[in-house]
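Here the structure is laid out as C-alpha cells; the discussion comes afterwards.
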Amino acid sequence: MTDHEPILDGIGREIQEILYGYIKAESITYSPAEKCAEEYFLQYFRQQPYWQAHPDYAGRYPIPDDPFGRAAAFAMVRGEGPDTVVFVHHCDVVTVEDFKLLKPLAFSPDELEQELLRLRDSLPPPVQSDLDGGGYLFGRGVCDMKGGGSIQMALLNRYSQLVQRDPAALPGTLIVLSVPDEENLSAGMRAAVLLLAEFQEKYGLRYRLMINSEPHQRKDPEKGVFSLGSVGKLMPFVYVRGSLAHVGKVFEGFNPLNLMSEIVRRTELNLDLSDVVGTEAAPPPTWLYLRDRKIKYDVSMPLAVTGCFSILTLNQTPASILRKVRAICEESFDAIVEQMDASCARFLKTTGQPPKTLPWRTNVVDFAALYQEAESKYGQLFRQEYEAEIKRLEQELAQSRITLLECNFSLVDFVYNYIDDLSPRVVFGLIPPYYPNVANLFLNDLDPAVRTLDRTLNEFTKAAFGQEYASEYFYTGISDLSYTSISDSQEIIRSLKRSMPLFGRLYDIPAAAIERISMPCINIGPWGKDFHKLTERVLKQDLYERTPRIIQYALETIFDRRREED
C-alpha cells in the first residue's frame, strides 16, 4: 500500500458516473424518497464482482420504527487484520424549493449549468465568476454531500479489485456507510452505530478512524480544511405559562409573550453561550421556533408561549448548558416582574388609584420537576394517562401527522392538566436532536498515525499538488461524526432523561454502542460553496482528483503505520 496510482487511475470518471446516478435518486430528507438513494448505493456495489462473490459484505441495517422504512446502507472490503477504517456519508439532501422554476433541473448538473449561465447577470458576482471559469459542478446534492459519498464509493470499489488480486494488499477492513436523515435527526447514523457495534463483535474489528467527506468551506481560498472533530448541538425548549386576562385588565394577568420575548432577547446570538477552544468558537445560538398556544383569536392574552433554540457546542454537556438556560430564564423572569411592578405603579398613580402589589413571583422549573409535581398529586392516575398520551403521540408521529416539536409541547400541555398551581412559570428542557461535540483533541492514547494525520496529509498535499490545508478541531456545519465517540455518557443520559420529555420513547441515542465503537475521526471532503442554496456547487478538481488522492493517502498512512507497529 505504498503506490496510490494504480488504485486511482481513471477514478475521476468513475466518481462522476456514480455521482450523476446518485443525485438522480432525489432523496429529500425525511421522505420515502431516501429509499431511492439507499437502493442506488446497494445496486452499485452488488453489480461489482467482489460483492457478487461476498454478498454478505453489502446490505442494510433498518432504522427501528422508521415511518419510511429507511435503513443505513453499508458495503465493506475485508483484507487481513482487525484494523478498520470507516467511511461515512449521508445520502439525504434538502428540498429544492429555492430552485423555483428550475426545480426540474435541480438534479441534472449539466442542464442546470446551462440555465444558470443564461441567468448569469441575476446571480451574485462570486457565482458568476465560478460559472465563467467552468471549474465547479452545480446541483442539489453534488456538494452536500453525494459528491463526497461518490468518492468513498469509488475508492471502496478500487480496493475491492485490489483485494481480489491479493487479500494481503489491504492490512485491514474498509467500510462505507450511506446514511439517511442527516439533515433532520441523524436517525441513519444512530442506527449505523448499532451496526458498527455488531460488526465489531462479529468480525473482531478494531476501529482506527472514521472519515467523513462533507464538503469543506474556506476562509482563505488558497487553503483547504481538515476537520478533526465535529461541533455538537442541543435544542433547549422554553415553555412559558402565563395567567389569562382581558386586554382591558392587563395588570390582572401575566402575558407569557412578554417574558418569552425577554428570554429570546437574552439568548439570541448570546456569545456567553458559545464555547471557545483555542482560536475556534462555536457560532452563537439562534431561535428556530416560537409561537403561542392560542388556537384562535380572542381579546385575552395567550395562556402559554413555546419556543426552542439551537446551541452549538465545542466542549459543553447538556447539564452545563441547561444550568445556563435556567439562569437566563430566572434573570428574565425577575426583570419582567420588576418591569410590570413599575408599569403598574405608574398606571395607578396616573389614574388616581391606590397602590397595590402584583402577585407574580419568579418560578422556573425543568420538565422533570413539572412531571414530579403532577405525579405527586395524582399518582397512578397521572402515570397511566401519561403513558397513554405517549402512545398516542407515537402513533401520530409514525403517521407523519405531527412533528417531534409538536409532540414535545403537546406533552408539556398534557402534564399541565395535572398541575394545580396555575401561577405563571417557565418550564425548560431539551428537544431532539442531540449531537455530542467530538474532537480528537479530547481523546486519550491516540494512535500516533492519527494524532499527526492532518500534518502528514498537509505535507502530502503541498508536495503532490501545491495545495496547503489548514486544520480545525471542529467541523461547524454539524455532521454525523458526532456519533463516533462520547464521553461522560452516564451524565449525558441522566441529563437527557431528566430534561428531554421524548427521550427513550420517541427519540433515543445508543450511548453504550457509541462507547463501544469509540474512534477518532476526520473530515476530508471537497471544497464546496452555497450549501442548501440554488447555487450549491463543488470544485471539480477536488471532487475528481485531489480529495480521492488525499483520502487514499490517509488510508496508506493509517494501515501502513499500524502494520509496522504490529
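Take LEU196 and tell me if it is open to solvent by less than 10 Å² (accessible area, probe 1.4 Å) and either closer than 15 Å to THR484 by Cβ or assigned to a helix (DSSP H, G or I) (or both). Walk me through it before giving the result.
On the way: open to solvent by less than 10 Å² (accessible area, probe 1.4 Å): yes; either closer than 15 Å to THR484 by Cβ or assigned to a helix (DSSP H, G or I) (or both): yes.
Yes: the conditions hold for LEU196.
With ASP130, ASP98 as the choices, which residue is modelled with pLDDT under 95 and touching a Lys or Arg at 6+ places or on another chain (Cβ under 7 Å)? Answer to the selection: ASP98. Could you grab me the full set of residues in the stretch 210-263 that are open to solvent by less than 40 Å² (accessible area, probe 1.4 Å), of a type in the set (Val, Ile, Thr) and not in a strand (DSSP E or B)? Within the stretch 210-263, VAL231, ILE263 qualify. Here THR476 fulfils each of the conditions (1) touching a Gly at 6+ places or on another chain (Cβ under 9 Å); (2) open to solvent by 20 Å² or more (accessible area, probe 1.4 Å); (3) of a type in the set (Ser, Thr, Tyr) apart from (1). Within the stretch 367-383, residues that are farther than 25 Å from PRO318 by Cα have Cβ atoms under 6 Å from residues that are part of a helix (DSSP H, G or I) in these pairs: PHE382/ALA374; PHE382/GLU375, counting only partners at least 6 apart in sequence or on another chain. From (1) open to solvent by 30 Å² or more (accessible area, probe 1.4 Å); (2) modelled with pLDDT of 95 or more; (3) under 25 Å from the mean Cα position of the chain (by Cα), pick out the condition that doesn't hold for GLY504. Status for GLY504: all satisfied but (2).
Open to solvent by less than 10 Å² (accessible area, probe 1.4 Å), among the small types (Gly, Ala, Ser) and in a helix (DSSP H, G or I) - does that describe any residue in the stretch 102-122? No, the stretch 102-122 contains no residue that is open to solvent by less than 10 Å² (accessible area, probe 1.4 Å), among the small types (Gly, Ala, Ser) and in a helix (DSSP H, G or I). Evaluate the following for SER423: is it of a type in the set (Gly, Ala, Ser), in contact (Cβ under 8 Å) with a residue 12 or more places away in the chain, farther than 30 Å from ASP275 by Cβ and touching a helix residue (DSSP H, G or I) at 6+ places or on another chain (Cβ under 9 Å)? No, not satisfied.
Listed by first and then second residue, the pairs with beta-carbon distance under 9 Å, at least 6 apart or on different chains, first residue in the stretch 387-404 and touching a residue at least 40 places away in the same chain (Cβ under 8 Å) and at positive phi, second open to solvent by 70 Å² or more (accessible area, probe 1.4 Å) and assigned to a loop (DSSP other than H, G, I, E, B), are SER400/TYR30. TYR40 passes every criterion in (1) under 20 Å from GLY139 (Cβ atoms); (2) free of Cβ contacts under 8 Å to residues at least 60 places away in the same chain; (3) open to solvent by less than 20 Å² (accessible area, probe 1.4 Å) apart from (3). If you go through the stretch 164-189 and keep only what is out of contact with any Ser or Thr (no Cβ under 6 Å at 6 or more places or on another chain) and open to solvent by 10 Å² or more (accessible area, probe 1.4 Å), you end up with GLN164, ARG165, ASP166, PRO167, ALA168, ALA169, PRO171, GLU182, LEU185, ALA187.
Within the stretch 371-398, the set of residues being of a type in the set (D, E, K, R), under 11 Å from PHE414 (Cα atoms) and open to solvent by less than 50 Å² (accessible area, probe 1.4 Å) comprises GLU389 only.
Tell me the residue from SER487, SER423 that is more than 30 Å from GLN552 (Cβ to Cβ), among the small types (Gly, Ala, Ser) and loosely packed, with under 14 Cβ neighbours inside 10 Å, please.
Within the list SER487, SER423, the selection yields SER423.
Checking each residue of the stretch 60-76 against the condition of being surrounded by fewer than 20 Cβ atoms within 10 Å (Cβ to Cβ) and without any contact (Cβ under 8 Å) to a residue 24 or more places away in the chain gives at least one match. Each residue in the stretch 344-355 was checked for being without any contact (Cβ under 8 Å) to a residue 60 or more places away in the chain and either surrounded by 11 or more Cβ atoms within 10 Å (Cβ to Cβ) or touching a strand residue (DSSP E or B) at 6+ places or on another chain (Cβ under 7 Å) (or both), and 3 pass. Selection of the stretch 510-527 for residues being open to solvent by less than 10 Å² (accessible area, probe 1.4 Å) and outside any helix (DSSP H, G or I) yields MET519, CYS521, ILE522, ASN523, ILE524, GLY525, PRO526.
Inspect all residues belonging to the stretch 81-92 and state whether any of them is touching a helix residue (DSSP H, G or I) at 6+ places or on another chain (Cβ under 9 Å), open to solvent by 20 Å² or more (accessible area, probe 1.4 Å) and over 30 Å from ARG401 (Cβ atoms).
Pass one, the stretch 81-92, residues touching a helix residue (DSSP H, G or I) at 6+ places or on another chain (Cβ under 9 Å): 81-92.
Within this subset, residues satisfying the condition of being open to solvent by 20 Å² or more (accessible area, probe 1.4 Å) are 81-82.
Now narrow it down to the ones that are over 30 Å from ARG401 (Cβ atoms): 81-82.
Yes: one or more hits.
Of all residues in the stretch 530-553, those satisfying the criterion of being open to solvent by 10 Å² or more (accessible area, probe 1.4 Å) and either among the aromatic types (Phe, Trp, Tyr) or touching a helix residue (DSSP H, G or I) at 6+ places or on another chain (Cβ under 7 Å) (or both) are PHE531, LYS533, LEU534, THR535, TYR544, GLU545, ARG546, ARG549, TYR553.
Consider TYR418 carefully, then state whether it is open to solvent by 10 Å² or more (accessible area, probe 1.4 Å), aromatic (Phe, Trp, Tyr) and in contact (Cβ under 8 Å) with a residue 60 or more places away in the chain.
On the way: open to solvent by 10 Å² or more (accessible area, probe 1.4 Å): yes; aromatic (Phe, Trp, Tyr): yes; in contact (Cβ under 8 Å) with a residue 60 or more places away in the chain: no.
No, not satisfied.
One residue alone among TYR289, TYR203 is touching a residue at least 24 places away in the same chain (Cβ under 8 Å), closer than 28 Å to ARG78 by Cβ and not polar (S, T, N, Q), and that residue is TYR203. Against the conditions (1) of a type outside the set (S, T, N, Q); (2) assigned to a loop (DSSP other than H, G, I, E, B); (3) in contact (Cβ under 8 Å) with a residue 40 or more places away in the chain, ARG266 satisfies every one except (2).
When restricted to residues that are in a loop (DSSP other than H, G, I, E, B) and aliphatic (A, V, I, L, M), the stretch 126-142 contains 1.
Within the stretch 399-411, track down each residue that is part of a helix (DSSP H, G or I) and exposed (fewer than 14 other Cβ atoms within 10 Å of the Cβ). Full working, then the answer.
Of the stretch 399-411, the ones part of a helix (DSSP H, G or I) are 404-411.
Answer for the stretch 399-411, where residues must be part of a helix (DSSP H, G or I) and exposed (fewer than 14 other Cβ atoms within 10 Å of the Cβ): there is none.
The values are calculated or read from the model by the stated rules, or taken from the named source; none is laboratory data. As the structure is a computational prediction, the values presented were derived from the model and not from experiment. Reconstructed Cβ throughout: ideal geometry from the backbone, glycine too, with neighbour counts over all protein chains shown. Remember, those area values only see protein heavy atoms, side chains included, never the ligands or the DNA or RNA. Shrake-Rupley method; radii C 1.70, N 1.55, O 1.52, S 1.80 Å.
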